[in-house]
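Quick notes on the structure that follows.
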Amino acid sequence: MKKSLLLLALLCVGLVARAEAYRVAVIPKGTTHEFWKSIHAGAIKASRELKEEGVNVKVIWKGPLREDDREQQVQVVENFIARRVSGIVLAPLDARALVAPVEMASRVGIPVVIIDSGLNSDKPVSTVSTDNYKGGVLGAHRLASLLDGKGKVILLRVLAGSTSTELREAGFLDTIRADYPGIEIISSDQHAGATRDTAYRAAQNLLNRFGRDVTGVFAPNESSATGMLLALRDAGLSGGKVKFVGFDTGSQTLAALKTGDLQGLVVQNPFKMGYLGVKTLVASLRGETVEKDIDTGCELVTLENFNEPETIDLITPPLEKYLN
């Protein structure tokens, strides 16, 4: 009888081990832009695949509404620590402001995987992101090609402290200065802010000041690109009158690429980022060795390659399949 009970107990332990359950908090920089919805969808895909493998993963999606609300994002991380989630996948709004809560999570045994934007800490188990500097380099070469290596250009920055966009900005500026002496950077110190509306106002101010001189523009994220697009249209400078290269996909920027109001988009793979973020975290939770840095890649999309199968897969992730 005792032997039977022991065997039953061991069997139950085995069943519990096979049905591992993890609560994974996925915390984006914001929740309104299409970029973050793609990350959410990728995270859900990862959780579904893991469930099919016998690993039960519940993704808890929560982030600040605005991409400049550092305090709210810190509070979200701290709340998840208090709830004792199994692990956290985080896109930090600020490379410094999020260090303390991430290191707190590490101290209490909650592993963190960073996605999208870097953090000034060695505590995360992995960082899953685009090579953002390379993205800025791609944008610079595309804009310089459109301008035949000469002209006057504007860089509309995004937010101070956002490592991902700061690296794109650095890649763009370094490449223009090093490789294209015929191109003058006439403005590179203005920030778009966290939303399309703040970007629109910043872009209007820049075009009011430099509209007669500017021949090219680079905007290094979805909201800054959309705001600049609207301002160029209002100023009568769209349609290629001012060459324009943006970053990230969105319904308005993709449509603008088709109409010729935008001549290039550097495109990340946020769906893959969310997917690998969750997969990497769960692998770490299960005691597996994970890579410290994982590059999810970026590509230049133009009207010429817009309809290629690889591009279509990249710019139209299956959001409805995973977010309904």
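The values are calculated or read from the model by the stated rules, or taken from the named source; none is laboratory data. Everything numeric in this text was worked out from a predicted model, so none of it was measured. Counting neighbours? That spans all protein chains shown, and the Cβs are built from the backbone with ideal geometry, glycine included.
Each row is one residue, and each column tells you yes or no for (1) in contact with a helix residue (DSSP H, G or I) (Cβ under 7 Å, 6 or more places away or on another chain); (2) exposed (fewer than 12 other Cβ atoms within 10 Å of the Cβ); (3) within 24 Å of SER106 (Cα to Cα); (4) not polar (S, T, N, Q).
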| site | (1), (2), (3), (4) |
| --- | --- |
| LEU276 | no, no, yes, yes |
| LYS279 | yes, no, yes, yes |
| THR289 | no, yes, yes, no |
| LYS292 | no, yes, yes, yes |
| LEU300 | yes, no, no, yes |
| PRO309 | no, yes, no, yes |
| LEU319 | yes, no, no, yes |
| TYR322 | yes, no, no, yes |
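Residues are listed down the side, and each one gets a yes or a no for (1) under 24 Å from ALA219 (Cβ atoms); (2) surrounded by fewer than 21 Cβ atoms within 10 Å (Cβ to Cβ):
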position	(1), (2)
LEU98	no, no
VAL102	no, no
ARG107	no, yes
ILE115	yes, no
SER121	no, yes
VAL125	no, yes
SER129	yes, no
LEU138	yes, no
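Any residue that is more than 25 Å from ALA91 (Cβ to Cβ) and in a helix (DSSP H, G or I) - is there at least one of those in the stretch 279-290?
Taking every residue of the stretch 279-290 in turn, none turns out to be more than 25 Å from ALA91 (Cβ to Cβ) and in a helix (DSSP H, G or I).
Return a yes/no flag: does the stretch 294-304 have any residue that is closer than 26 Å to GLY87 by Cα, assigned to a helix (DSSP H, G or I) and in contact (Cβ under 8 Å) with a residue 24 or more places away in the chain.
no
Say whether the condition of being aliphatic (A, V, I, L, M) and free of Cβ contacts under 8 Å to residues at least 12 places away in the same chain is met by at least one residue in the stretch 50-59.
The initial filter retains those residues of the stretch 50-59 that are aliphatic (A, V, I, L, M), namely 50, 55, 57, 59.
Then keep just the ones that are free of Cβ contacts under 8 Å to residues at least 12 places away in the same chain; that gives none.
No - not one qualifying residue is present in the stretch 50-59.
Which ones in the stretch 248-268 are part of a loop (DSSP other than H, G, I, E, B) and either in contact with a Phe, Trp or Tyr (Cβ under 9 Å, 6 or more places away or on another chain) or modelled with pLDDT under 95 (or both)?
Within the stretch 248-268, ASP248, THR249, GLY250, ASP261, LEU262, GLN263, GLN268 meet the criteria.
Name the pairs whose Cβ atoms lie under 8 Å apart, with the first residue in the stretch 76-92 and surrounded by fewer than 17 Cβ atoms within 10 Å (Cβ to Cβ), the second part of a helix (DSSP H, G or I), and 6 or more positions between them or separate chains?
Matching pairs, first to second residue: GLU78/PRO101; GLU78/MET104.
Residues of the stretch 41-75 being buried (at least 19 other Cβ atoms within 10 Å of the Cβ), polar (S, T, N, Q) and over 20 Å from LYS29 (Cα atoms), which ones?
SER47
Given the condition of a type in the set (S, T, N, Q), more than 25 Å from the chain's Cα centre (by Cα) and in the same structural domain as GLY149 (by TED's automatic domain parsing), answer yes or no: does some residue in the stretch 216-224 qualify?
Within the stretch 216-224, the subset of a type in the set (S, T, N, Q) is 221, 223-224.
When the remaining residues are screened for being more than 25 Å from the chain's Cα centre (by Cα), the result is none.
The answer is no; no qualifying residue exists.
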